[in-house]
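Each remark here refers to the structure printed beneath this line.
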Amino acid sequence: MAKTSFSCSACGASFSKWSGRCESCGEWNTISEDKGLSSGGPAKKSLGAMRGKRLELGDLATHEAPPPRTLSGVGELDRVLGGGLVAASAILVGGDPGIGKSTLLLQAAARFARNGLKTIYISGEEAAAQVRMRGQRLGLQESPVMLGAETNLRDILTTLEAEKPDLAIIDSIQTMWADNVDSAPGSVSQVRAAAHELTTFAKTQGISIIMVGHVTKEGQIAGPRVVEHMVDTVLYFEGERGHQFRVLRAVKNRFGPADEIGVFEMTGRGLAQVTNPSALFLSERGTPSPGSVVFAGIEGTRPVLVEMQALVAPSPHSQPRRAVVGWDSSRLAMILAVLEARCGVPFAGLDVYLNVAGGMRVSEPAADLAVAAALLSAREDTALPADTVVFGEISLSGALRPGPQTENRLKEAQKLGFTAAIAPSGGKSVSVDGLALRQTPDLAGFVGEYFGAG
């Protein structure tokens, strides 16, 4: 006998039996039976009257041309996409409200349309006149982009099937409404159904579709996580409201490298690409002061130099504060513990503040040594030389591990005028003209050599 399964239309949780209230999200009367494709049980494999057609199977050795790519002309966007827009691809773009997702995609739509792609921009949040007004403010009124304002998914797919565009932009997936799903727009079931229909339509019709997704308080795209698995590429548009910099980051890309970034600057005329983000992130760096260290990092395939800023001050409270902006707070706690346990540098009774300048968010482990150097510099009130960059990963034993692409980091630092670099020993021997590489094996040696503490 076939096993019956049930799922919640509000949160997507699965259950083995029906109940009136979902144990996962607490909603009432949202659990229904899942209808399987097979009409038989474990002992009966036939689909019976619901039998489908046989698939056409190809050969892995078949020599077919790869899907064509189209360049937008915006180098930062093309870099994040892996070298341009791939035909028949589904892309999901997420970001905080007001960060500039609609502005970026309207500018991208205008660029693709000027390059020969038939482009449709469909907004479920604004009227067509409002999108047109924003396009005029950005100077895009002459671009051959077709506009539409609709939330009914059936009408949108009918229009796309009739117009046969090369690129369709859906803003946003949370406003789409599928009339065959009994739930409100924006719910888990609606978002999952709309994403599935649009992705399937993109594959079968050969149309590239870009979907905008809102994010939750935790920074994740709202809706079921399965939506990110459906699409080919997931991009996050990041940035701090107080800064003009915006970072477009690829967290998933079937057609290019993940973790690739593109840097943009918000201006009165929209988003302008930044071809040299290292110079921009360091442009506001003044006279070197205690707690300021330049980190030579790698984002995707490009080296990026950012400033790590730390402040260490006596705490008036029994529980010292640990505040972090742009880095992982749990990793900061680990660095503080290693400094105290392996190097004898205590931070008890001291408030610690860490900031990545420019609104950049750093996630790679090679930033450990730069963070430790910034903390020690702030604690000892000693500034590192202004012409020095730092990078390296710290282990729990206090040993230092070299990061990948050391040569690219050093070349980027040398290009921006830095003459010295501090890095872990043990990596490949790299030499860059005009830059002295100082290597240290462990954190205790680094602390003793540069700060005399511990």
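The values are calculated or read from the model by the stated rules, or taken from the named source; none is laboratory data. Small disclaimer: the values here were computed from a predicted structure and weren't measured. No Cβ is skipped: glycine too gets one built from the backbone with ideal geometry, and neighbour counts run over all protein chains shown. Accessible surface areas use protein heavy atoms only, side chains included; no ligands, DNA or RNA. Shrake-Rupley method; radii C 1.70, N 1.55, O 1.52, S 1.80 Å.
When the residues of the range 112-158 are filtered to those that are open to solvent by 70 Å² or more (accessible area, probe 1.4 Å) and among the polar types (S, T, N, Q), which remaining residue is farthest from Arg269 (Cα to Cα)? Among residues in the range 112-158 that are open to solvent by 70 Å² or more (accessible area, probe 1.4 Å) and among the polar types (S, T, N, Q), the one farthest from Arg269 (Cα to Cα) is Thr158. Val432 passes every criterion in (1) over 26 Å from Ala258 (Cβ atoms); (2) under 31 Å from the mean Cα position of the chain (by Cα); (3) modelled with pLDDT under 90 apart from (2).
Counting only strands (runs of 3 or more DSSP E) wholly contained in the range 282-364, the ones carrying 2 or more residues that are buried (at least 20 other Cβ atoms within 10 Å of the Cβ) occupy 292-299, 302-314, 350-356.
Considering Arg249, Arg285, Arg269, the condition of being in the same structural domain as Gly83 (by TED's automatic domain parsing) and either over 19 Å from the mean Cα position of the chain (by Cα) or more than 21 Å from Tyr236 (Cα to Cα) (or both) is satisfied by Arg269 alone. The one condition from (1) aliphatic (A, V, I, L, M); (2) over 16 Å from Val389 (Cβ atoms); (3) part of a loop (DSSP other than H, G, I, E, B) that Val430 does not meet is (2). No other residue among Gly206, Gly186 is over 27 Å from Gly98 (Cα atoms), open to solvent by 20 Å² or more (accessible area, probe 1.4 Å) and touching a residue at least 12 places away in the same chain (Cβ under 8 Å) apart from Gly206.
List pairs: first in the range 148-166 and within 13 Å of Ala194 (Cβ to Cβ), second among the hydroxyl-bearing types (Ser, Thr, Tyr), Cβ under 9 Å, 6+ apart or cross-chain? If the second residue must be among the hydroxyl-bearing types (Ser, Thr, Tyr), the pairs left are Glu150/Ser123; Glu150/Thr159; Thr151/Thr175.
Go through the range 245-257 and report how many residues are open to solvent by less than 60 Å² (accessible area, probe 1.4 Å) and farther than 19 Å from Ala88 by Cα.
From the range 245-257, those open to solvent by less than 60 Å² (accessible area, probe 1.4 Å) are 245-250, 252-253, 256-257; that's our starting set.
Remaining after also requiring farther than 19 Å from Ala88 by Cα: 245-249.
The total comes to 5.
Taking residues in the range 381-400 that are open to solvent by 60 Å² or more (accessible area, probe 1.4 Å), and partners anywhere that are among the charged types (D, E, K, R) and not in a loop (DSSP other than H, G, I, E, B), the pairs with Cβ atoms closer than 9 Å and at least 6 places apart or on different chains are Leu396/Arg342; Ser397/Arg342; Ser397/Asp442.
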